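J.: What follows is a single structure, and I will ask about it in a moment.
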Amino acid sequence: MFIRAFLLAFLIIHSVLIFIFERPDQKNIPDYTMLKLNLTLLQMRHLLLFFILLSVSENGIAQETSGSFTTTTEQTFSYGYLLHKPAGAKEKRPLLVFLHGKGERGTDLEKLKIHGPLKYIKNKPLDAYVLAPQCPDNAYWDSESLFRLIQKIVAENPIDPDRIYLTGLSMGGWGAWNLAFAHPEMFAALVPIAGYVDRIPVVENCKIAHIPTRIFHGLLDEVVDVFYSAEIYKKLKPCNPNLSLTIFEDAHHDSWTRVYEDPAIYEWMFAQIKSTNSLSK
């Protein structure tokens, strides 16, 4: 950049000096009229060159400007959802939020019963509310809109705000991580399964230090590498005293079926109470 500016400046100065001092040899031009003509043409040529170089120097060198910009954007999210209500739910009960994977997106709410807690309660009852939103086709989980949906469900039903639990599989595991980090004040426990982990949770790991967390993944997972669960576990371990990672050595991407079919995971979640978790206040 400096060399270019130097060369342009040199050419401009050279052109100006030629314009002022350069004269044709009068010995070779005996006709004075021809001398004036040659001098005029010579001056015009260098004058034109001067202006061309001046234009190039103004437009060819990078410049710096400053300014400010303000804008407002709005997004609209629309979720279908299923809400399981426990029998005789008059007193406040827990709420389990389940985020499905990529394959269950769309508008067919019956897909929400293929995996997870809504499949479990077909044969085994849970004394808790179970909220399963459905992500639209070609969309991904959005933390803020999910947060507002949960607020709506809590406001409309007798739900214990100290016993709200979050779980998800695959794309839903990724969504669960992001939602927990976006609103760590909301959840009493977190169970992500086979989920990708964004950079923000890895960097802000201790933001959920107070949330009891159980992580599950398949060692043979060919869709979401087990590395992500192992990495976030290493980041959380120094600051989260209630944390575990289970890696199933024989499981591929579906490491969630055995987790959600085991009553122990629900017993563990429902035993967690936010107000008694360390650092929850």
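The values are calculated or read from the model by the stated rules, or taken from the named source; none is laboratory data. Just so you know, these numbers come straight off a predicted model, no measurement behind them. Note: ideal-geometry Cβ built from the backbone for every residue, glycine included; neighbour counts use all protein chains shown.
J.: Among the residues of the range 200-208, are any under 19 Å from Gly103 (Cα atoms) and either of a type in the set (D, E, K, R) or under 24 Å from the mean Cα position of the chain (by Cα) (or both)?
T.: Initial filter on the range 200-208 (under 19 Å from Gly103 (Cα atoms)): none.
Scanning the range 200-208, I find no residue that is under 19 Å from Gly103 (Cα atoms) and either of a type in the set (D, E, K, R) or under 24 Å from the mean Cα position of the chain (by Cα) (or both), so the answer is no.
J.: Right, something else. Within the range 151-180, track down each residue that is buried (at least 21 other Cβ atoms within 10 Å of the Cβ) and either part of a helix (DSSP H, G or I) or among the small types (Gly, Ala, Ser) (or both). Explain how you work it out, then say what you get.
T.: Within the range 151-180, the first condition is being buried (at least 21 other Cβ atoms within 10 Å of the Cβ), and the residues that meet it are 163-180.
Answer for the range 151-180, where residues must be buried (at least 21 other Cβ atoms within 10 Å of the Cβ) and either part of a helix (DSSP H, G or I) or among the small types (Gly, Ala, Ser) (or both): Gly168, Ser170, Met171, Gly172, Gly173, Trp174, Gly175, Ala176, Trp177, Asn178, Leu179, Ala180.
J.: Please go through the range 89-118 and pick out each residue that is buried (at least 18 other Cβ atoms within 10 Å of the Cβ), among the hydrophobic types (A, V, I, L, M, F, W, C) and farther than 15 Å from Val259 by Cβ.
T.: Within the range 89-118, Leu95, Val97, Leu112 qualify.
J.: Kindly evaluate Ala189 against the criterion of being closer than 22 Å to Leu95 by Cβ, surrounded by 15 or more Cβ atoms within 10 Å (Cβ to Cβ), in contact with a helix residue (DSSP H, G or I) (Cβ under 6 Å, 6 or more places away or on another chain) and modelled with pLDDT of 95 or more. Walk me through how you get there before you give the answer.
T.: Details: closer than 22 Å to Leu95 by Cβ: yes; surrounded by 15 or more Cβ atoms within 10 Å (Cβ to Cβ): yes; in contact with a helix residue (DSSP H, G or I) (Cβ under 6 Å, 6 or more places away or on another chain): yes; modelled with pLDDT of 95 or more: yes.
So Ala189 fits the description; yes.
J.: What tally of residues in the range 119-135 results from selecting those that are part of a loop (DSSP other than H, G, I, E, B) and either at pLDDT below 95 or over 19 Å from the mean Cα position of the chain (by Cα) (or both)? Walk me through it before giving the result.
T.: Narrowing the range 119-135 to residues part of a loop (DSSP other than H, G, I, E, B): 121-128, 135.
Subsequent filtering for residues that are either at pLDDT below 95 or over 19 Å from the mean Cα position of the chain (by Cα) (or both) retains 121-128.
The number of residues fulfilling the criteria is 8.
J.: Looking only at residues in the range 127-181 that are of a type in the set (S, T, N, Q) and touching a strand residue (DSSP E or B) at 6+ places or on another chain (Cβ under 7 Å), which one is nearest to Trp268 (Cα to Cα)?
T.: Here is the first cut: in the range 127-181, the ones of a type in the set (S, T, N, Q) are 134, 138, 143, 145, 151, 157, 167, 170, 178.
Then drop every residue that is not touching a strand residue (DSSP E or B) at 6+ places or on another chain (Cβ under 7 Å), which leaves 134, 157, 167.
Numbers: Gln134: 25, Asn157: 23, Thr167: 13 Å.
Checking each candidate, the answer is Thr167.
J.: Among the residues of the range 261-271, is there at least one that is among the charged types (D, E, K, R) and within 14 Å of Ile208 (Cβ to Cβ)?
T.: Filtering the range 261-271 for residues among the charged types (D, E, K, R) gives 261-262, 267.
Still in the list and also within 14 Å of Ile208 (Cβ to Cβ): none.
The answer is no; no qualifying residue exists.
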